Amino acid sequence: MRFVVLTILLIAAALPVLKADGPLRGSAPRQTLKDAFKGDFVVGAALSQRVFSEEDARGAALVKAQFNTISPENALKWQSVHPRPDTYDFSVADRFVGFGEKNQMVIIGHNLVWHYQTPDWVFQDAKGGAADRATLLERMRDHIHTVVGRYKGRIKGWDVVNEALNADGTLRQSPWFKIIGEDYIAKAFEFAHEADPGAELYYNDYSLEGEAKRKGAIRLIAKLKAQGLSITGVGLQGHSTLDLPSLEDEDATISAFAKLGVKVMITEFDVDVLPGAAAHRGADINTKIDLQDKLDPYRGGLPEPLQVDLAGRYSALFRVFLKHRDVLTRVTFWGVTDRDSWLNNWPVRGRTNYPLLFDRNYKPKLALDAVIQAAE
Ligand code: GLA
């Protein structure tokens, strides 16, 4: 309750400033995101192929102007680079990395070991039954060595394992876990370190701000460190809503990971403004809910009071990030503009969402100015 009140007060306090200087009213040229946070952390976005191939020229221009780090939305996932047992295809991934190099950006690899967007054959034997432990470990080793090895010294950090935890902090019963056993995580980090000893290696997950899941991640990372494995950082995906996670939980979560001696990154940041659909917590991409009018109320545009709420929410979260600038090294948005956000299609397909800092016409939103003001 205290935090609901605090958030309302914060938004109310920010209102006159945002109203006076907001882009909706035409203001002086603003700083770019990468300049506003220079010396604090790098700021980035996840890019679709349309953006990094520059087919979406306006999106690409926005990225070059605003961001100094990039993540691939899909281009480096297992199904994209290694669709069949004997086929690696780096044509698209190479363009992603090339875009980052051409523009001198910090390039992030996402991701090596996950239970989604990984072809079925990975977990199967020749007859379609479950593969055995030795086979799956060898496939994982080959995949990690090939992919990380190809971009050695060029990709700065890898999401080595994505989403290995349940909400209660226990290990998810993924095919990786079921076939290899719980040491699949340690093995993934070991292989990644062998493939590029200079790369930063991360554990990445959503809803780590929840206490039970956060504690599970702390146990996991502490154990990996105790085994002498190289783990550089934890990625808090940061898929947020207008009121969750609380600022208090965000703050406590970053502090808790900092205490473990790992860097903290916000890796897939966005703020969902649409009404919560049932079972709509977290970011499990398999959640699907039918489209209904009441779940999609802003098809014609986001009402001004909500633009203000979104700006206030972004500002408050960035103030928490800035407080931890000594350990928080990166903030990456999941998408560039509202038009390309996955939240238009998750957990309900075909909605009109407004989760990012640039609108469907590539124009800055009130929230962008709020974020830049937070840095000043
Ligand atoms: C998860 C994954 C991302 C992406 C988003 C939704 O958070 O880590 O790669 O798939 O879901 O698009």
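Residue check: is A316 more than 16 Å from the ligand (Cβ to nearest atom), among the small types (G, A, S) and within 19 Å of the chain's Cα centre (by Cα)? The answer is yes for A316.
Only residues that are in contact with a helix residue (DSSP H, G or I) (Cβ under 6 Å, 6 or more places away or on another chain) and at positive phi were counted in segment 329-376, giving 1.
Per the listing L291, L244, the residue uniquely out of contact with any helix residue (DSSP H, G or I) (no Cβ under 8 Å at 6 or more places or on another chain), within 19 Å of V320 (Cα to Cα) and part of a loop (DSSP other than H, G, I, E, B) is L244. Of everything listed in (1) touching an Asp or Glu at 6+ places or on another chain (Cβ under 8 Å); (2) away from the ligand (no atom under 16 Å from the Cβ), the single unmet condition for V122 is (1). Check segment 89-97 and report whether any residue there is at pLDDT 95 or above and either more than 21 Å from W158 (Cβ to Cβ) or in contact with a His (Cβ under 9 Å, 6 or more places away or on another chain) (or both). Taking every residue of segment 89-97 in turn, at least one turns out to be at pLDDT 95 or above and either more than 21 Å from W158 (Cβ to Cβ) or in contact with a His (Cβ under 9 Å, 6 or more places away or on another chain) (or both).
Only one of I289, I285 is over 29 Å from F37 (Cβ atoms) and either in contact with a Lys or Arg (Cβ under 7 Å, 6 or more places away or on another chain) or at pLDDT below 95 (or both); which?
On the way: I285 fails: over 29 Å from F37 (Cβ atoms).
Selected residue: I289, the only one of I289, I285 that is over 29 Å from F37 (Cβ atoms) and either in contact with a Lys or Arg (Cβ under 7 Å, 6 or more places away or on another chain) or at pLDDT below 95 (or both).
Selection of segment 217-240 for residues being part of a strand (DSSP E or B) and either of a type in the set (K, R) or open to solvent by less than 20 Å² (accessible area, probe 1.4 Å) (or both) yields G233, V234, G235, L236, S240. Restricting the first member to segment 250-261 and to residues that are of a type in the set (S, T, Y), and the second to residues that are assigned to a helix (DSSP H, G or I), the beta-carbon pairs closer than 6 Å and six or more apart or on different chains are T253/R214.
Would you list the helices (runs of 4 or more DSSP H) that sit entirely within segment 131-216 and hold 2 or more residues that are under 28 Å from V106 (Cβ atoms), open to solvent by less than 50 Å² (accessible area, probe 1.4 Å) and modelled with pLDDT of 95 or more? Steps first, answer last, please.
Numbers: elements: 133-150, 175-180, 184-195.
Here the list reads 133-150, 184-195.
For D340, the conditions (1) surrounded by fewer than 21 Cβ atoms within 10 Å (Cβ to Cβ); (2) within 15 Å of the ligand (Cβ to nearest atom) all hold with the exception of (1). Only one of the numbered conditions (1) without any contact (Cβ under 8 Å) to a residue 40 or more places away in the chain; (2) open to solvent by less than 50 Å² (accessible area, probe 1.4 Å) is violated by K127, and that is (2).
So which residues in segment 317-349 are in a loop (DSSP other than H, G, I, E, B) and charged (D, E, K, R)?
The first filter runs over segment 317-349 and keeps only residues in a loop (DSSP other than H, G, I, E, B), leaving 324-327, 334-337, 341, 345-347, 349.
Listed by number, the residues that qualify are R325, D326, R349.
The values are calculated or read from the model by the stated rules, or taken from the named source; none is laboratory data. Quick caveat, the model's predicted, so the values are computed rather than measured. Virtual Cβ from ideal backbone geometry, glycine too; neighbours counted across all protein chains shown. Ligands, DNA and RNA are stripped out before the accessible areas are found, and what is left, the full protein with its side chains, is counted by its heavy atoms. Shrake-Rupley method; radii C 1.70, N 1.55, O 1.52, S 1.80 Å.
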